[in-house]
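The values are calculated or read from the model by the stated rules, or taken from the named source; none is laboratory data. These numbers were taken from a predicted model, which means no experiment stands behind them. We place every Cβ from the backbone using ideal geometry, glycine too, and count neighbours over all the protein chains shown.
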Amino acid sequence: MGDQSSQMPCVLVVMGVSGSGKSTIGEKLAAQLGCIYEDGDRFHPASNVAKMSAGQPLADEDRWPWLRAIAEEIDRVCEAGEHAVIACSALKRAYREILVHGRTDVRIIYLKGTQDLIAGRLTRRKGHFMPPGLLESQFKTLEPPGESENPLTVSIDAPADAIVDDIVRQLRQTPAVVSAPRRNRS
């Protein structure tokens, strides 16, 4: 992250429903900040991908190992003194608690959009395992992050570059984050 690293959290988790632009925004944000980009989807076990490809929503039991794997990557990145942007749906507060697990050097970025806007995007998307038919279940599951989670909330009703610029502007207005020791997860 160049000279910005002392002001930025070690990990930014870009969250939202499928089709909100997590991968696009995450990749562009990481490039602008000069840090690592990871797509949370790569941490899914094959059984989860098969289930979603078949149009079946995941149950929490399916998500726990996936979320713990991403949390381990967050710990690895922070403990190595690196910086990363990780795209992950993180739809429920309980999921975000697993990812952040008490760290003060991890920040949630919530990509907020209407179901109609996102449905239109999903119908144009090619080659992704998440079918548009699961969007309704994603919105039913979504628990937008609350103030206590200190999220950056950005509207996705703008071009990707403008969204990234807005995120970077908001991050720069936030005081520097102090690195926190890893908390044990139970």
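Values for this structure:
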quantity: Count of residues meeting criterion [surrounded by fewer than 18 Cβ atoms within 10 Å (Cβ to Cβ) and in a helix (DSSP H, G or I)] in segment 103-120; calculated: 5
quantity: Residue list for segment 43-85, restricted to those being small (G, A, S) and buried (at least 19 other Cβ atoms within 10 Å of the Cβ); calculated: A71, A84
quantity: From G40, G26, residue being of a type in the set (G, A, S), surrounded by 15 or more Cβ atoms within 10 Å (Cβ to Cβ), over 16 Å from L142 (Cα atoms) and without any contact (Cβ under 8 Å) to a residue 60 or more places away in the chain; calculated: G40
quantity: Hits in segment 126-152 (condition: surrounded by 14 or more Cβ atoms within 10 Å (Cβ to Cβ) and either at pLDDT below 75 or in a strand (DSSP E or B) (or both)); calculated: H128, F129, M130, P131, P132, L134, L152
